[in-house]
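Note sheet for the following structure.
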Amino acid sequence: MEQALRLRTGVSKQEIREKIWDYMEAQNIADFPRPVHHRIPNFKGSSHAAEMLLHLQEFKMSRTVKVNPDAPQKNARFLALDGRKTLLVPTPRLRTGLFNRIVPPPGATKEILRKCATSQGVKNYSVPIGLDSRVLVDLIVVGSVAVSEKGWRIGKGEGYADMEYAMMVSMGAVREETPVVTIVHDCQVIDIPEELLGDHDLTVDCILTPSRVIVTSCTRPKPRGIIWSMITEEMMERIPILKNLHFQEKKAGKDIALQKEHLAHLKTSHRQAPLQNTGQMASVRPADVACSSHQDTEHGTSKGEPSSVTTVYVGNIPQHARVSDMKRTLRNYNAVPLRLNWQGAQGRAFLDYKDQATAEGAISSLKGLSFSGNTLWVNLAKKQK
């Protein structure tokens, strides 16, 4: 099938995401919740695409299925429950643990099971699964923004699907041969340059669209666990379950040096020059975003602040909103920047943070937040200074 989108040479992951989101909105392929930007995009026909699961031998044979909580996988969650399988759903942003097991009420009808498969149902009918649980996942269903027929996958840029898989490896819940399936629209299946992928990136074995089933025959190894040298102390604070895994792997004698410790070791061992911005490695995902600078007046520069910062773009700010309200919101959500460049008349602001890890922590806290009646658009600025 011919691709709906063509990509230029040297394209970044973020540019691919933006093109997919823009195309789905422009062609009215997108479905609620909209706009699909900065999400795993829902699309018209997602329920039909999920029904392709019923034809997969891997799904028929599975007893425990892990499905991501996003809207386009709602029918996949229902099909797992309707098939009397154990359904595991990751907790949002891994704030309270790894995943929950959905437990429908006794004698649940199909209508009740469909409610259990919704985001609200996941909250109402679930019990937490701890790291010490002896769970074995037979099939994984993840969301994607873009995916290639070779199995390369791009998510929405926060790295949670990759992190979830790495955690499941660490707790022995998955094996290398555990199949990974993604459900997307046909327009999301594009050629992705392999050089964009890192060792932490999750690949997929099967792609389900409204029109076809694609077996990728992917040979690229999946993540073999958490790469602690890519984890920051800030991420450890933001995702408490990481602390538990860190302690367990330390007891097992594994290399659990965090990013700061790892960089310090490299500096000592190889006598490298100091890095100007260690935030370039601060995310679970490498800095794959191509960003665009803003040529606006900067306010509130602090003495002794880093010479290189990471900038976050905040959009969809109502024109009646006040900068004092934004500052209060940033304080309340522990997202106070080094510098705030307020452009309320244009409905936007730019926030400077000391490094990429801190910036991504702020994005995680603010994304989807309602501010003065509008849902904020929050992401890394398109080009860093």
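The values are calculated or read from the model by the stated rules, or taken from the named source; none is laboratory data. Since the model is a prediction, treat every value here as computed from it, not as a measurement. For neighbour counting, all protein chains shown are included, and Cβ atoms are generated from backbone atoms with ideal geometry for every residue, glycine included.
A few notes on this one:
- For the residues Lys123, Lys66, Lys74, the requirement of being surrounded by fewer than 17 Cβ atoms within 10 Å (Cβ to Cβ) and either in contact (Cβ under 8 Å) with a residue 24 or more places away in the chain or in the same structural domain as Met168 (by TED's automatic domain parsing) (or both) singles out Lys123.
- Subset of region 131-176 that is outside any loop (DSSP other than H, G, I, E, B) and of a type in the set (Ser, Thr, Tyr) - its residue that is surrounded by the most Cβ atoms within 10 Å (Cβ to Cβ): Tyr165
- Any hit, region 87-110, residues being in a strand (DSSP E or B), charged (D, E, K, R), in contact with a Ser or Thr (Cβ under 7 Å, 6 or more places away or on another chain) and within 29 Å of Glu177 (Cα to Cα): yes
- Residue identified as assigned to a helix (DSSP H, G or I) and under 21 Å from Asn316 (Cα atoms) among Ile20, Ile16, Ile40: Ile20
- Checked against the criteria, Arg114 does not count as surrounded by 18 or more Cβ atoms within 10 Å (Cβ to Cβ), of a type in the set (Lys, Arg), closer than 24 Å to Leu54 by Cβ and assigned by TED's automatic domain parsing to the domain that holds Met61.
Listed here are the residues, each with its yes/no results for (1) within 25 Å of Leu94 (Cα to Cα); (2) of a type in the set (Lys, Arg); (3) assigned by TED's automatic domain parsing to the domain that holds Pro92; (4) buried (at least 21 other Cβ atoms within 10 Å of the Cβ).
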{"residue": "Asn332", "(1), (2), (3), (4)": "yes, no, no, no"}
{"residue": "Asn341", "(1), (2), (3), (4)": "no, no, no, no"}
{"residue": "Gly347", "(1), (2), (3), (4)": "no, no, no, no"}
{"residue": "Ala362", "(1), (2), (3), (4)": "yes, no, no, yes"}
{"residue": "Lys367", "(1), (2), (3), (4)": "yes, yes, no, no"}
{"residue": "Ser370", "(1), (2), (3), (4)": "yes, no, no, no"}
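- Tally, over region 196-219, of residues that are among the aliphatic types (A, V, I, L, M) and part of a strand (DSSP E or B): 5
- Enumeration of residues in region 147-179 that are touching a residue at least 40 places away in the same chain (Cβ under 8 Å) and charged (D, E, K, R): Glu149, Lys150, Arg153, Lys156, Glu158, Asp162, Glu164, Glu176
- The lone exception for Leu81 - which of (1) touching a strand residue (DSSP E or B) at 6+ places or on another chain (Cβ under 8 Å); (2) touching a residue at least 60 places away in the same chain (Cβ under 8 Å); (3) closer than 30 Å to Ile241 by Cα it fails: (2)
- Residue match in region 309-327 (condition: surrounded by fewer than 18 Cβ atoms within 10 Å (Cβ to Cβ), assigned to a loop (DSSP other than H, G, I, E, B), in contact with a Ser or Thr (Cβ under 6 Å, 6 or more places away or on another chain) and modelled with pLDDT of 50 or more): yes
- Selection within region 38-52 - more than 22 Å from the chain's Cα centre (by Cα) and surrounded by fewer than 20 Cβ atoms within 10 Å (Cβ to Cβ): Gly45, His48, Glu51
- Members of region 177-194 that are more than 25 Å from Met61 (Cβ to Cβ) and either in contact with a strand residue (DSSP E or B) (Cβ under 9 Å, 6 or more places away or on another chain) or not in a helix (DSSP H, G or I) (or both): His185, Cys187, Gln188, Val189, Ile190, Asp191, Ile192, Pro193
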